[in-house]
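Student: Have a look at the structure that comes next, please.
The values are calculated or read from the model by the stated rules, or taken from the named source; none is laboratory data. This is a predicted model, so every value here is computed, not measured. In this analysis, Cβ positions are derived from the backbone assuming ideal geometry, glycine residues included, and neighbour counts consider all displayed protein chains. Please note that ligands, DNA and RNA were not included when accessible areas were found on the heavy atoms of the full protein model with its side chains. Shrake-Rupley method; radii C 1.70, N 1.55, O 1.52, S 1.80 Å.
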Amino acid sequence: EIFEPGPNLRKTYANASSATNMGLELEGRIGLRRLDRLMRRFTLISNLSLIKSQVDLPEDVKGILTTSKRPLQGQSPYVFNFQVQYDYNPWGLQTTLLYNIIGERITEVGTNKRPDIYEMPFHQLDLVSSLKISGLGIINLKLKNLLDLEAKSTQGSEFVKKEKKG
């Protein structure tokens, strides 16, 4: 997304000629049955992604956009996930508590000397549960964003957006 210059700023889209996206992903899983028999139904799962991206801008937009080199819009430099999973097969029950954090990312590309707008790092906690009922199907329960933290976006040093995602 970019803002086109003019008397009335208009939000539009422009594609870069190319971009580079490199990353490293690490994942781990461990069953807690090794620690204690009472913990046998619990599993810990974690994932970390580190990403470096850079957009190669076409010549026709280099004068309009504020930054000539920037990360891909919407691409966080890191994403971290942590899960605690509980499985009780005799009942067909699986419940997972998920924690997720994303690093700051560009939501709107700046134009005409206006800085890019960045969404600040955001923490989220979700609870997902499913129960298989023999012959009837599956009942799912999803509780999202239990922390209900405020999502914040900045442009330069100023906050331009604060919202509760619910």
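Student: Whole-Å semi-axes of segment 16-58's equivalent ellipsoid, largest first, each the root of 5 times a Cα gyration tensor eigenvalue?
Tutor: Working: eigenvalues 349, 9, 4 Å².
The three semi-axes for segment 16-58 are 42, 7, 5 Å.
Student: Rank by packing, highest mean first: peptides 32-40, 102-110, 46-54, with packing defined as the count of other Cβ atoms within 10 Å averaged across residues.
Tutor: Details: 32-40: 11.2, 102-110: 20.1, 46-54: 15.7.
By packing density, highest mean first, the sequence is 102-110, 46-54, 32-40.
Student: Could you check the simple spin-label distance between V128 and L72, using points 7 Å along Cα→Cβ, in nm with one decimal?
Tutor: Spacing of the two 7 Å Cα→Cβ label points: 2.2 nm.
Student: A further question on this structure: In the structure shown, do any of K52/K162; K52/K142; K132/K164 have a Cα-Cα gap over 30 Å, and if so which? It would help to have the intermediate numbers written out before the result.
Tutor: Working: K52/K162 26 Å; K52/K142 32 Å; K132/K164 33 Å.
Result: K52/K142; K132/K164 exceed 30 Å.
Student: To two decimal places, what compactness ratio does segment 96-166 give when its Cα radius of gyration is scaled by 2.2 N^0.38 Å? List each step's numbers first, then the result.
Tutor: Details: Rg = 17.9 Å, N = 71, 2.2 N^0.38 = 11.1 Å.
Output field value: 1.61.
Student: List, in order, the whole-Hz ³J(HN,Hα) value for each residue of segment 148-162 obtained from phi through the Karplus relation with A = 6.51, B = -1.76, C = 1.60 and θ = phi - 60°; use x for Gly and Pro.
Tutor: 6, 6, 7, 8, 10, 10, 10, 10, x, 9, 10, 6, 10, 7, 9
Student: Over segment 96-146, what percent of the accessible surface lies on carbon and sulfur atoms, probe 1.4 Å? Don't jump to the answer; show the numbers that get you there.
Tutor: On the way: 1760 of 2950 Å².
Percent of accessible area from carbon and sulfur atoms in segment 96-146: 60.
Student: Okay, next question. Could you pull out every residue, at least 5 positions away or on a different chain, whose amide H is within less than 5 Å of the one on A19? Hs are placed 1.01 Å off N in the peptide plane, and Pro or chain starts have none.
Tutor: Here the answer is D56, since their amide H atoms fall under 5 Å of that of A19.
Student: In whole Hz and in residue order, list the ³J(HN,Hα) couplings for segment 76-84 that follow from phi through the Karplus curve 6.51 cos²θ - 1.76 cosθ + 1.60, θ = phi - 60°; x for Gly and Pro.
Tutor: 7, x, 8, 9, 10, 10, 9, 10, 10
Student: Please compute the length gained on full extension between I45 and L97, using 0.36 nm multiplied by the number of residues separating them and subtracting their Cα-Cα distance. Working shown, then result.
Tutor: Numbers: separation 52, 0.36 × 52 = 18.72 nm, distance 1.03 nm.
Gain in length upon complete extension: 17.7 nm.
Student: Next question. Given H placed 1.01 Å from N in the peptide plane, which residues other than close sequence neighbours of L72 have an amide H under 5 Å from its amide H?
Tutor: Answer set, sorted by chain and number: S53, Q54, V55.
Student: Let me ask another. For segment 20-27, just list the computed ³J(HN,Hα) in residue order, Karplus coefficients 6.51, -1.76 and 1.60, θ = phi - 60°, integers in Hz, with x standing in for Gly and Pro.
Tutor: Each residue of segment 20-27 in turn: 10, 9, 10, x, 9, 10, 10, 9 Hz.
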